[in-house]
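Quick notes on the structure that follows.
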Amino acid sequence: HKQEAQEWRWELLDKRVDRWVAEELTEYAEEVHKLVGNLQLGRRSAAAVQRSLLAIYMATILAVHHRILYDTENQLWDLVSSKMGIKWEQLQSAAFGEGDQSFEETCRAGLQLFALAAQEVRNLLNKRQYRVVAHACEIAGHSLSDRKFHGSERAT
C-alpha cells in the first residue's frame, strides 16, 4: 500500500476532480442562502454555523482544485491561504473569528470566501452550476465578475 500511495498522482483522476470541485461549490451555494437568511432573521447561532461551514469547506474545495496534498487536515487552511494569497488569508481569518471583527463582519467574510472560491473555479462550472453559484454570489453581495458564461458545455 505504501508504494501505491507514493505512486499516486492527481492525473489518475482526470476530469473527475474538476467535476467534483464544481459540484461541491454548487452545493455550498445553499449555505450562502442560509447564512444571508439567518442574518436577516437575527438567528446568530444558525448564521455562525453557516459562516463556519463556508470557511471550513471552501478551503477543502480549493485544495482539491489546486491539487494540494497535505499530511494532516491541520495544515489545510494554511496551505490554501498560501496558494490563494493575502486577501484569502485575511478573509479566512475573519470568518474563523480570529480577529476583533464584529459578528456581522465575520459573516460577510464567510460570504466573500464563497465568492472568491466561485471566481477561482468558475470556468469549471456547467451552465446550471454557473447560474446557481452566480445567484448565490449576488445575494452574498459579490457578483461573479465574469458576466459571460465560460463554463464547459456539459449537459445540465
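The values are calculated or read from the model by the stated rules, or taken from the named source; none is laboratory data. Only a predicted model underlies this, so the values are computations on that prediction, with no experimental measurement involved. The accessibility values were calculated without ligands, DNA or RNA, using every heavy atom of the protein model including side chains. Shrake-Rupley method; radii C 1.70, N 1.55, O 1.52, S 1.80 Å.
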Karplus (6.51, -1.76, 1.60) ³J(HN,Hα), θ = phi - 60°, over the stretch 27-36, in Hz, Gly and Pro reported as x: 5, 6, 4, 4, 5, 4, 4, 5, 4, 4
Rounded accessible area of residue 31 (nearest 10 Å², 1.4 Å probe): 30
Rounded to whole Hz, the Karplus (6.51, -1.76, 1.60) HN-Hα couplings of the stretch 130-137, x for glycine and proline: 4, 4, 5, 5, 4, 5, 4, 4
Hz values of 3J(HN,Hα) by residue in the stretch 60-77 - Karplus curve (6.51, -1.76, 1.60), Gly and Pro given as x: 4, 4, 6, 4, 5, 4, 8, 6, 8, 9, 8, 6, 9, 4, 4, 8, 3, 5
Most to least accessible of 86, 56 (protein chains only, probe 1.4 Å): 86, 56
Cα-Cα P(r), the stretch 47-117, percent of pairs per 5 Å interval: 3, 19, 31, 25, 14, 5, 1
